[in-house]
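Asks: There's a structure below that I have some questions on.
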């Protein structure tokens, strides 16, 4: 059954009929597995990857490293929840190393992202420090190359 979800993760537009054909799993089982996965939140969201730069509406994205003071009985979870509830926070990850959280932040301008970090994120109780890295160019996202052609993986055979 995992192959159903691998196919959907690669291309969420694949129909249950196409997935059944690709996997050999009966159509009714494919449909039931997808419905159940949507109900139990195994499938969280269907998503398109958009190259906003091509539409002339680029976004400013930053990776913010956040150092925290863990809270009694909840560790980092309570502060992470406060952070991921902000609409500017696209993704929030607990990580190992010098910093505790990695927060992917998006805005229309560098000033908008900087304001979020300085006015909303950094002042939160439990936040000890932040380091902001602005992303300058996206080459690949979620496994998809955004700019140019993917290079050949093999050397072409010459006659």
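Asks: Would you mind checking the tilt of helix 27-39 against the longest principal axis of the Cα atoms of the chain, expressed as 0 to 90 degrees and rounded to 10?
Replies: 10 degrees
Asks: Using only Cα atoms, figure out Rg for segment 52-136 and give it as a multiple of 2.2 N^0.38 Å. Please report the intermediate quantities before stating the final value.
Replies: On the way: Rg = 13.2 Å, N = 85, 2.2 N^0.38 = 11.9 Å.
Dividing the Cα radius of gyration by 2.2 N^0.38 Å gives 1.11.
Asks: Could you give the semi-axes, largest first, of the ellipsoid that matches the chain, computed as the square roots of 5 times the alpha carbon gyration tensor eigenvalues and rounded to whole Å?
Replies: Details: eigenvalues 253, 122, 46 Å².
Equivalent-ellipsoid dimensions as semi-axes: 36, 25, 15 Å.
Asks: Let me ask something else. Output needed for segment 1-65: three equivalent-ellipsoid semi-axes, defined as square roots of 5 times the C-alpha gyration tensor eigenvalues, in descending order, whole Å.
Replies: Values: eigenvalues 193, 43, 17 Å².
So the three semi-axes of segment 1-65 are 31, 15, 9 Å.
Asks: Report the residue, chosen from 27, 136, 94, that carries the largest GNM mean-square fluctuation when the chain is represented by alpha-carbon nodes joined by springs under 10 Å.
Replies: Of the options given, 27 has the highest mean-square fluctuation.
Every number here is computed from the coordinates shown, using simple stated rules; none is lab data. What you see is a predicted model; the values in this text were computed from it and never measured.
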